[in-house]
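Novice: Below you will find the structure I want to go over with you.
The values are calculated or read from the model by the stated rules, or taken from the named source; none is laboratory data. Just so you know, these numbers come straight off a predicted model, no measurement behind them. All Cβ positions, glycine included, derive from the backbone under ideal geometry; neighbour counts span all protein chains shown. Surface accessibility is based on the protein's heavy atoms, side chains included, excluding ligands, DNA and RNA. Shrake-Rupley method; radii C 1.70, N 1.55, O 1.52, S 1.80 Å.
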Amino acid sequence: MSTLLIGTCPGPPVCAALHTYLFVDGLDVVARSDSRMAGLDPRRLLRPGGPLCPTDMPCRVEVAAQEQPEPGPDRLTVRVRLRGGTVVWSDLMYPGPDGRVVEEVRFRLEQYLGEVGRAYAALKGGLVIPPGERG
């Protein structure tokens, strides 16, 4: 089972906009998938019942958009679904720690929902969650 950690960028004046960082087993999924991408606004991804909330019916979730060299139409999506007590992200394509391509990851439902809830509470409380750190 993998572990999810969610961070957020503070937005202006530090950078142009709020961004979400999605770390799976310590790896930044967005940056490793496509370095031109930046995670979408956390208010879009982390809201209760939002796109990252898993359901039995698989759904495609946009998690990042092209930012460099300038904003563009390219999007990074993952397929999110719930299988019993497991959340499955599929249709991934990023290099894992051993250099092999990661195409699918699985999270324990409790850890996954706890992390989404923690990140949402921090966002709602006005806290910035530095990439790679727990609040």
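Novice: Six or more apart or on different chains, Cβ under 6 Å: which pairs go from a residue in the stretch 90-119 that's without any contact (Cβ under 8 Å) to a residue 24 or more places away in the chain to one that's open to solvent by less than 50 Å² (accessible area, probe 1.4 Å)? Could you list them?
Specialist: Glu103/Leu92; Glu104/Ser90
Novice: Select from the stretch 67-97 the residues that are among the aliphatic types (A, V, I, L, M), farther than 26 Å from Ala121 by Cβ and surrounded by 14 or more Cβ atoms within 10 Å (Cβ to Cβ) and list them in ascending order.
Specialist: Passing the criteria: only Leu92.
Novice: In the stretch 17-66, what residues are open to solvent by 50 Å² or more (accessible area, probe 1.4 Å), in contact (Cβ under 8 Å) with a residue 40 or more places away in the chain and either of a type in the set (Val, Ile, Thr) or part of a loop (DSSP other than H, G, I, E, B) (or both)?
Specialist: Selection gives Asp25, Gly26, Arg47, Pro48.
Novice: Another question, if that's okay. When you scan the stretch 1-16, how many residues do you find that are in contact with a helix residue (DSSP H, G or I) (Cβ under 8 Å, 6 or more places away or on another chain), polar (S, T, N, Q) and part of a strand (DSSP E or B)?
Specialist: 1
Novice: Can you name the strands (runs of 3 or more DSSP E) wholly within the stretch 73-135 that have at least 2 residues being touching a helix residue (DSSP H, G or I) at 6+ places or on another chain (Cβ under 7 Å) and modelled with pLDDT of 95 or more?
Specialist: Hits in the stretch 73-135: 86-95.
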